[in-house]
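Visitor: Just dropping this structure here.
The values are calculated or read from the model by the stated rules, or taken from the named source; none is laboratory data. This structure is a prediction, so every number in the text was calculated from the model and none was measured. With ideal geometry, Cβ positions are generated from the backbone for all residues, glycine too; neighbour counts draw on all protein chains shown. In case anyone asks, the SASA skips ligands and DNA or RNA and just uses the protein heavy atoms, side chains included. Shrake-Rupley method; radii C 1.70, N 1.55, O 1.52, S 1.80 Å.
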Amino acid sequence: MQSVTRRHLVAATAGLAVTALMPRIVVAQAPAPPAGPFKRDPLPYAANALEPHIDAKTMEIHPERHHQAYVNNLNNFAKDHPQIAQKPIPEVLAKLSELPEAIRTGVRNNLGGHANHTMFWQIMGPGGGKPSGEVAAAIDRDLGGLDKFQNDFGAAGGRVFGSGWVFVTVDRAGKLAIETKPNQDSPLMDGKRALIGNDVWEHAYYLQYQNRRADYLKAWWNVVNWNKVAERYAAAKAGTLAV
Ligand code: MN
């Protein structure tokens with residue numbers, strides 16, 4: 001008992017000392033994000049739901065700061081250029097050359113980022129599992145089976161120099177292909193659809209994996225929500241897959 005009391009006292013004193021040393025800074029409230037037509041949906045699972053494969057801190061910072069920054073930038077662009085919010089995202093991204101030059105690169109980066117991350121949060125979830133049904137058959141037919149596909153996808157993701165994404169694209173006939181893109185570029189810019197994609201920007205994995213991108217790419221399969229992927233596959237064939 002004595003030692004517990006003493007420990008508490010020491011801890012309390014240390015706490016007081018630290019508090020006394022802290023500069024008295026008034027912490028400003030974070031500015032409210034600009035209002036506008038672009039919105040980021042909350043994650044469909046808790047931030048810690050993907051542990052131990054993706055850490056909770058990454059799953060807070062990545063959507064709330066990185067993805068949110070893209071959304072905020074889009075809402076700023078939309079103040080003077082409301083047309084970027086008046087068409088479906090795939091249509092805007094497929095016709096970037098029609099945008100005023102002043103916002104073309106900004107929309108490419110930020111709307112690409114918004115689309116990529118919207119897809120990314122959606123296709124992950126706790127539980128893992130394996131593809132089944134039509135998706136599994138398409139992987140066998142077009143990508144050489146699950147093992148070869150996962151190896152090739154990991155290798156392609158590893159070869160992205162700097163920041164970018166590795167995707168599986170899907171066409172209206174349901175045909176799959178692995179494709180990589182730099183920065184926040186998206187298959188939507190080529191008029192294609194992404195069935196899945198993995199973010200290989202360092203912000204997606206650095207807290208837990210540091211330079212070990214290959215380990216992150218391998219572990220990521222444990223958090224792919226194949227039920228959601230199956231829904232996206234059906235939507236792609238029906239022509240209703242948005243982002
Ligand atoms: Mn990201």
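Visitor: Under the Karplus relation 6.51 cos²θ - 1.76 cosθ + 1.60, θ = phi - 60°, what is the ordered set of whole-Hz ³J(HN,Hα) values for segment 97-110, x standing for Gly and Pro?
Guide: Rounded to whole hertz, the list is 5, 7, 7, x, 4, 4, 10, 4, 5, x, 5, 4, 6, 7.
Visitor: Can you work out D for segment 149-243 in µm² s⁻¹ from Stokes-Einstein, where Rh is the Kirkwood radius over C-alpha pairs, the temperature is 20 °C and the viscosity is 1.002 mPa s? Write out the running numbers ahead of the final one.
Guide: Details: Rh = 13.7 Å.
The diffusion coefficient I find is 156 µm²/s.
Visitor: Let me ask something else. About the Cα centre of the chain, how large is the charge dipole given +1 on each Lys and Arg Cβ and -1 on each Asp and Glu Cβ? Please answer in debye to the nearest 20. Mind dumping the intermediate values first?
Guide: Values: 27 positive and 22 negative charges, 76 e Å.
For the chain, the charge dipole is close to 360 debye.
Visitor: Now for a separate question. Counting Lys and Arg as +1 and Asp and Glu as -1, what is the net charge of the other residues whose Cβ lies under 15 Å from the Cβ of PHE153? Don't jump to the answer; show the numbers that get you there.
Guide: Numbers: positive: LYS130, LYS148, ARG159, LYS181, ARG213, LYS218; negative: ASP140, ASP142, ASP147, ASP152, GLU179, ASP199, ASP215.
It works out to a net charge of -1.
Visitor: What accessible surface, in Å², does a 1.4 Å probe find on VAL223, ignoring ligands, DNA and RNA and rounding to the nearest 10?
Guide: 0
Visitor: To the nearest Å, what is the center-to-center distance of segment 54-83 and segment 173-243, using C-alpha atoms only?
Guide: Rounded to whole Å, the Cα centres lie 18 Å apart.
Visitor: With all protein chains present, how much of the accessible area of the chain (probe radius 1.4 Å) comes from carbon and sulfur, to the nearest whole percent?
Guide: Working: 7310 of 13320 Å².
The computed percentage sits at 55.
Visitor: Find the relative contact order for the chain and round it to a whole percent, using C-alpha pairs within less than 8 Å whose residues are 6+ positions apart.
Guide: On the way: 321 pairs, mean separation 53.6, N = 243.
Relative contact order of the chain: 22 percent.
Visitor: Right, here's the next one. Listed here are the pairs LYS181/LYS218; LYS57/LYS148; LYS39/LYS237; LYS39/LYS87; which of them are more than 22 Å apart at the Cα?
Guide: Values: LYS181/LYS218 19 Å; LYS57/LYS148 32 Å; LYS39/LYS237 26 Å; LYS39/LYS87 15 Å.
Correct reply: LYS57/LYS148; LYS39/LYS237.
Visitor: I'd like the orientation of helix 133-143 relative to the chain: the angle between its Cα long axis and the longest Cα principal axis, in ° from 0 to 90, rounded to 10.
Guide: 80
Visitor: Hull surface divided by four, with the convex hull built on the Cα atoms of segment 105-180: how many nm²? Walk me through the intermediate numbers first.
Guide: Details: hull surface 24.8 nm².
Taking the Cα atoms of segment 105-180, their convex hull projects to 6.2 nm² on average.
Visitor: Put +1 on the Cβ of every Lys and Arg and -1 on every Asp and Glu Cβ in the chain; which of ALA177, LEU146, HIS114 then has its Cα farthest towards the positive end of the dipole?
Guide: HIS114
Visitor: Sticking with this structure for a sec: Whole number in Å², please: accessible area per residue of segment 55-243, 1.4 Å probe, ligands, DNA and RNA not counted.
Guide: Numbers: 8570 Å² over 189 residues.
Here the residues of segment 55-243 average 45 Å² of exposed surface.
Visitor: Work from the charge dipole of the chain (Cβ charges, +1 for Lys and Arg, -1 for Asp and Glu, about the Cα centre) and give the residue of LEU241, GLY164, ALA32 farthest towards its positive end.
Guide: Result: ALA32.
Visitor: Residues with amide H under 5 Å of LEU241's amide H, sequence separation 5 or more or different chain, H placed in the peptide plane at 1.01 Å from N; which?
Guide: For LEU241, the qualifying residues are ALA236.
Visitor: Something else now. What order do TYR206, TYR70 take when sorted by accessible area (1.4 Å probe), most exposed first? Before the final figure, lay out the partial values.
Guide: Working: TYR206 105, TYR70 30 Å².
Output order, biggest surface exposure first: TYR206, TYR70.
Visitor: Per-residue counts of other Cβ atoms within 10 Å, averaged by peptide: what ranking do you get for 143-149, 89-95, highest first? List each step's numbers first, then the result.
Guide: Values: 143-149: 13.6, 89-95: 18.0.
Going from most to least packed, we get 89-95, 143-149.
Visitor: Related question: Calculate how large, on average over all directions, the projected area of the Cα convex hull of the chain is; give the answer in nm² to one decimal. If you can, show how the numbers build up before the last one.
Guide: Working: hull surface 72.3 nm².
For the chain, averaging the hull's shadow over all directions gives 18.1 nm².
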